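Throughout, read-outs are computed from the coordinates displayed, never taken from laboratory work. It should be emphasised that the depicted structure is a prediction, and the values quoted were computed from it without experimental measurement. Note: ideal-geometry Cβ built from the backbone for every residue, glycine included; neighbour counts use all protein chains shown.
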Amino acid sequence: MTSLPEHVAENRAYWDGMADQWVEAGERGWARTIPVWGQWGIPDSEISLLPGDMEGLRAIELGCGTGYVSAWMARRGARVTGIDNSERQLATAARLSREHEIPLELIHGNAETVDKPDASFDFAVSEYGAAIWADPYVWIPEAHRLLSPGGQLAFLGSHILTAVCSPVDGSAPLTRNLEQPYFGQFRLDWREAVDDPGGIEFTLMPSAWIKLFHETGFEIVDYTEVEAPKEATGAPYSVSADWAKQFPSEQIWWLRKR
């Protein structure tokens, strides 16, 4: 058996180890009939990663976790496949699929290498998932391969400023200082982090994303830097609401395969 890349193996162990902490959030997501997005719960009426009508579309969620985004797509009429690196996260997704009577094809695997033929899907999405936990120079070309001509990819993940403003020791919360270089950001190894140790993330500056998209064969449809809502409070993960009202903590790309 071929060994997994280091970051894939680390992230599998990291997410399997804390899968229980995400069960309630997954249950809440499945119970929603109208999506909300990202760590700030942006209403679907303001920002949506999904087409309004997905009737008959073949869709894949890259890094589906507990599967609530996959469920939202199925409710819009799509035939949905979800792939995730964590077997324990997928166990929750499978249970909730049965309980809500929403059939999904669930695959335990790595979004960088999906065991599906070329042009298998019309639409691909990642809310975090592959968007931050997979190597963009691998998963973006893989998403392109999986999509039919004209197919679309939408993904939401952390903005590069969250990396630049993260203390080098991995302590939380983010600061308003430039703690790390902007240029050269790519692989964020949190295994020795002071707070919440574990996991290897990836980030790119926008110009590097754009170059990657063009070289892969995607055209950019839209791009949004997410601002926390005025009513937001607290500090989910390492980002405070006050910080995210002044700086973008998340970004969303919408792409189309040429």
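Explain nothing, just compute: Karplus ³J(HN,Hα) = 6.51 cos²θ - 1.76 cosθ + 1.60, θ = phi - 60°, for every residue of segment 105-122 in order, whole Hz, x for Gly and Pro.
Per residue, the Karplus-derived 3J(HN,Hα) values read 8, 10, 10, 8, x, 10, 5, 7, 9, 9, 7, 9, x, 4, 6, 7, 9, 9 Hz.
Are there GluC sites (Glu not before Pro) in segment 87-180 that DSSP puts in a loop and that have at most 16 other Cβ atoms within 10 Å, and which ones?
Glu101, Glu179
Report the relative contact order of the chain, percent, no decimals, based on alpha-carbon pairs under 8 angstrom and at least 6 residues apart.
In percent, rounded to a whole number, it is 17.
Which residue fluctuates the most in the chain, going by a Gaussian network model with Cα springs under 10 Å, if the choices are Thr203, Thr81, Thr175?
Highest fluctuation of the listed residues: Thr175.
Could you work out, for segment 197-258, what percent of all Cα-Cα pairs fall into each 5 Å distance bin, beginning at 0 Å and stopping at the bin that holds the largest distance?
Result returned by the calculation: 4, 15, 21, 17, 16, 14, 10, 4, 0.
Starting from the Cα of Val36, move 7 Å in the Cα-to-Cβ direction to define the label point; list residues of segment 58-79 whose amide nitrogen is under 15 Å from there.
69
Considering only C-alpha atoms, what is the centroid distance from segment 1-22 to segment 36-88, in Å?
22 Å
Quick one: grab Rg to one decimal and Dmax as a whole number for segment 52-182, Cα atoms only, in Å.
Cα radius of gyration and Dmax of segment 52-182 are 16.4, 48 Å respectively.
Over segment 13-105, consider all pairs of different Cα atoms and compute the Kirkwood hydrodynamic radius from their mean reciprocal separation; express it in Å, one decimal.
13.3 Å
How are the Cα pair distances of segment 155-194 distributed, in percent, across 10 Å bins from 0?
29, 59, 12
Output needed: percent of Cα pairs per 5 Å distance bin for segment 141-258, bins running from 0 to the one holding the longest distance.
2, 11, 19, 20, 17, 13, 11, 6, 1
Cα atoms only, the chain: Rg and Dmax in Å?
Over the chain's Cα set, Rg and Dmax evaluate to 17.3, 51 Å.
I want to verify the translational diffusion coefficient of segment 83-126 in µm²/s; compute it with Stokes-Einstein, Rh as the Kirkwood radius over Cα pairs, at 37 °C and 0.692 mPa s.
Once the numbers are plugged in, D ends up at 281 µm²/s.
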